[in-house]
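Please read the structure below before turning to the comments.
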Amino acid sequence: MKKESRVLFITMACLYIFFTVLKLYTFPNLSMAWQIEGSIFGFIVLIVIMLSMRVVDMVLDRLYPYERSLVLRLVIQFAISLVIVLTLREFIFHFTKSYLPVKVTRELYIVATAAHILFIATVVLTMFGFRFFNKWKETELKKEVLEKEKATVQYDNLKNQLNPHFLFNSLTSLNSLIFENPQLASEFLHQLSKVYRYVLENKDKTVVSLSTEVNFISHYVQLLSSRFDGGLNVNIKLSEAALDQHILPVTLQILIENAIKHNITSTDSPLTIDIYDESGYLVVQNNLQVKQIIDTSNKQGLENLKNLYKVLIEKEVMIEQTQDRFSVKIPLI
């Protein structure tokens, strides 16, 4: 409300200065004393007009808001404001006409009336423009918040789908190891606890350092190696500069699990995943050996991840595919 009043005052002050300069140009022979006295009196009248128009605006906001009819509201506000200004002008003219240093001719009266109409129209449209701009800004802000909330929900849903799926596979592998190799089963369980400790510690964070994510993913890869027994190779080669930057938590887990879900992983045809950095991006690339049948895939995982980075970080995730390679490039933060 204070900002709107300030904009109104600045607009009217600019118009007042314009018409004052115009008056000086039109009546150059008037004495400087009269020019100064007239300007001071005009400024006081300006304050009265501004307060009157502000009151009209607030009253109409309650009685006839813009939402009811934009054009009619502007017409009503313009008409009321014009009546107030012209009435005030006639009242002042009635008591000061004998003191005026110039004769008010019919032509001068018409020009003054046209100037007042222009003055009121400019002020009313400025007030509406400011209100419209604020509403638009508020709508855009709400839209942005909703988009962020939507992306966050999608990301949480993605993690919630991934974690039970991964836990089921891990427990199945653990069950077979308990009988075949108790020592390896113990190590497997130890790594599994580290993975889920990381997920619990970082589930509410927006970003984590890449070094933290890589430390977590090393435990995750050890679990996968036990699960696929030579059917999966994960190569990580990252620069020191990249390790100091950030990504969203469990991004690597999602991308690795996505590659495993869509590709064959066997000893005869191992799936190779390369993780490296390039030109400010984290690249996760795998050889293509696509499964014919994919279980529990709604094809929304990568799309949700792309939307999340775009909304929360305002950077694009890039996906590239050739005949034999599939790459996802994640912007480093």
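Taken together, the values in this text are just the output of simple stated rules run on the coordinates, not laboratory data. Computed from a predicted model, the values in this text were never measured in an experiment. As a convention, Cβ positions derive from the backbone with ideal geometry for all residues, glycine included, and neighbour counts pool all protein chains shown.
Observations on the model:
- Here the residues Val250, Val207, Val83, ranked from fewest to most Cβ neighbours within 10 Å of their Cβ, fall in the order Val83, Val207, Val250.
- Proximity of backbone amide H atoms, modeled 1.01 Å from N, is registered between Val234 and Ile273 at under 5 Å, excluding neighbours fewer than 5 places apart on the same chain.
- FRET efficiency, Leu118 to Thr139 (Cβ-Cβ, R0 30 Å, nearest 0.05): 0.45
- Taking 7 Å steps out from each Cα toward its Cβ at Val71 and Leu108 produces label points 3.9 nm apart.
- Inter-label distance, nm, simple model (7 Å from Cα along the C-beta direction), Arg131/Gln292: 6.8
- Model label zone, Ser52; criterion: amide N under 20 Å from point 7 Å along Cα-to-beta-carbon; scope region 117-136: 117-128
- You can think of it this way: the chain between Arg325 and Ala79 has 81.6 nm of extra reach, that is 0.36 nm per residue less the Cα-Cα gap.
- Length released on extending from Lys315 to Leu63, taking residue separation times 0.36 nm less the Cα-Cα span: 86.2 nm
- Cβ-Cβ FRET estimate between Ile264 and Lys237, R0 fixed at 41 Å, reported to 0.05: 0.95
- Per-residue Cβ neighbour counts within 10 Å put His94, His219 in the sequence His94, His219, beginning with the fewest.
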